[in-house]
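Asks: Got a structure for you, questions after.
The values are calculated or read from the model by the stated rules, or taken from the named source; none is laboratory data. Predicted, not measured: the structure shown is a model, and the values here were computed from it. Here the Cβ positions follow ideal geometry from the backbone for every residue, glycine too, while neighbour counts run over all protein chains shown. Surface accessibility is based on the protein's heavy atoms, side chains included, excluding ligands, DNA and RNA. Shrake-Rupley method; radii C 1.70, N 1.55, O 1.52, S 1.80 Å.
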Amino acid sequence: MTRSPDTTRATKAGRSPAPDGVRTPTTNVWHGADLLGTRGVPAERLRELLTLARARRESPAKSLAGRTVATVFFEDSTRTRSSFTIAAQRCGADVVDLSSKASSANKGESLADTARVIEAMGVAAIVVRTSRAGGAKMAADAVACPVINAGDGAHEHPTQALADALALDDAWNLAGSFDFGGKRIVIVGDLSHSRVARSNAASLTTLGAEVVFVGPPAMAPRSLGGALGVRVSHDLDAELAEADAVMALRIQLERGAGAMLASSRDYRSAYGVTQARADAMKPGALVMHPGPMNRGVEMDPAVADGPRSIVIRQVAAGVAVRVAALEAVIGSTAGNA
Ligand code: NCD
């Protein structure tokens, strides 16, 4: 058995402090470490971060006043980048967005070099998105300041998974226990390309839920379920009655999913979260989607906007967990004046 790597580190041992200096933190959650993934992260650490997200949602604090956060997105994104920007501003931090398809990383400068250059400008943390699995770790290994992974290829997207956990805790009225024991969550769609599915499989099972991957064999191969320790099914209808939540995923055409698809209509009829399928779910069961959504293919518009949907709550939870993630990795400066 191979041990799954711990995708966060408590310290960046042997490295010099970030150029803007390390001040005494008033929160110790995750201070000084990178947030690269959820796989291998113990439940206590996930719950600490989620608890901080709830606390700051109730009582916002300008905990990162005077610090600068860099967002560096080498891959398209609107909502995740905006969500990090809003979260950083909510903490009082300044944000510099260095996202660009025309950045030097595309001109041959490596991710590590780019991260070093940005760090040298004096930022407190770097938020990075890249199409390369493992890209966030490459950046993190190159710098002393903390790095948050905002999605690296089909590998991990930890803040989306944490947002989903917060939205579920809210919707299930768990009041911040983040104990998903006895809950079954079906994740349906293009699992093979999905970093959201990988990060969620890890965090949701760590928090006690049972996770089932559902999709056509090409998008939900049994080997993927085996690698992540989750059950795989190719029959959505057979899974609906026992699901406490169904999370639909986007078909990632930009990663080659088109070749796996007969037609959008066939996909919808086998794996779309249609109104008829929503009606077959148990009372109170939820539907989710991390977005962006192909409405009418992955989910019917009436379901996405209907009473089971927590799609909008997921977006709001995304800002709350990013506030917590930034504060946790950087360390709060509140009260240090
Ligand atoms: C996801 C992503 O970028 O991985 N979206 C998101 O973070 N809101 C999922 C996707 O792109 O389909």
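Asks: Quick check on E254: is it open to solvent by 10 Å² or more (accessible area, probe 1.4 Å) and within 16 Å of the ligand (Cβ to nearest atom)?
Replies: yes
Asks: A further question on this structure: Is there any pair linking a residue in region 148-170 that is closer than 10 Å to A317 by Cα and free of Cβ contacts under 8 Å to residues at least 24 places away in the same chain to one that is buried (at least 24 other Cβ atoms within 10 Å of the Cβ) and of a type in the set (F, W, Y), with Cβ under 8 Å and at least six apart or on different chains, and which?
Replies: Matching pairs, first to second residue: none at all.
Asks: How many residues are within 16 Å of the ligand (Cβ to nearest atom) and under 16 Å from V186 (Cα atoms) when one looks only at region 258-286?
Replies: Qualifying residue count, region 258-286: 3.
Asks: Shifting gears a bit: Do we find a residue being within 16 Å of the ligand (Cβ to nearest atom), in a loop (DSSP other than H, G, I, E, B) and over 14 Å from I185 (Cα atoms) anywhere in region 227-241?
Replies: No; the residues of region 227-241 include none that is within 16 Å of the ligand (Cβ to nearest atom), in a loop (DSSP other than H, G, I, E, B) and over 14 Å from I185 (Cα atoms).
Asks: Quick check: anything in region 307-327 over 30 Å from A61 (Cα atoms) and either more than 16 Å from the ligand (Cβ to nearest atom) or basic (K, R) (or both)?
Replies: Looking through region 307-327, at least one residue is over 30 Å from A61 (Cα atoms) and either more than 16 Å from the ligand (Cβ to nearest atom) or basic (K, R) (or both).
Asks: Next question. Anything in region 153-174 that is closer than 19 Å to R54 by Cα, of a type outside the set (A, V, I, L, M, F, W, C) and open to solvent by 10 Å² or more (accessible area, probe 1.4 Å)? List them, or say none.
Replies: Hits for region 153-174 are Q160, D170, N173.
Asks: Among the residues of region 106-132 satisfying the criterion of being among the small types (G, A, S) and in contact (Cβ under 8 Å) with a residue 40 or more places away in the chain, which is surrounded by the fewest Cβ atoms within 10 Å (Cβ to Cβ)?
Replies: Here the residue is A120.
Asks: Could you go through region 204-222 and let me know if any residue there is farther than 27 Å from D170 by Cβ, more than 15 Å from the ligand (Cβ to nearest atom), part of a helix (DSSP H, G or I) and in contact (Cβ under 8 Å) with a residue 24 or more places away in the chain.
Replies: Checked against the condition, which is being farther than 27 Å from D170 by Cβ, more than 15 Å from the ligand (Cβ to nearest atom), part of a helix (DSSP H, G or I) and in contact (Cβ under 8 Å) with a residue 24 or more places away in the chain, region 204-222 yields no hits at all.
Asks: Sticking with this one: When you scan region 279-297, how many residues do you find that are surrounded by 15 or more Cβ atoms within 10 Å (Cβ to Cβ), on the phi < 0 side of the Ramachandran plot and part of a loop (DSSP other than H, G, I, E, B)?
Replies: Count: 7.
Asks: If I ask for residues that are modelled with pLDDT of 90 or more and outside any helix (DSSP H, G or I), which ones from region 99-131 would you list?
Replies: M121, G122, V123, A124, A125, I126, V127, V128, R129, T130, S131
Asks: On the given criteria, is A150 small (G, A, S), open to solvent by less than 10 Å² (accessible area, probe 1.4 Å) and more than 16 Å from the ligand (Cβ to nearest atom)?
Replies: When the stated conditions are applied, A150 does not pass them.
Asks: I've got another one for you. Any idea which residue in region 175-192 is surrounded by the fewest Cβ atoms within 10 Å (Cβ to Cβ), counting only those that are within 16 Å of the ligand (Cβ to nearest atom) and in a loop (DSSP other than H, G, I, E, B)?
Replies: Here the residue is D190.
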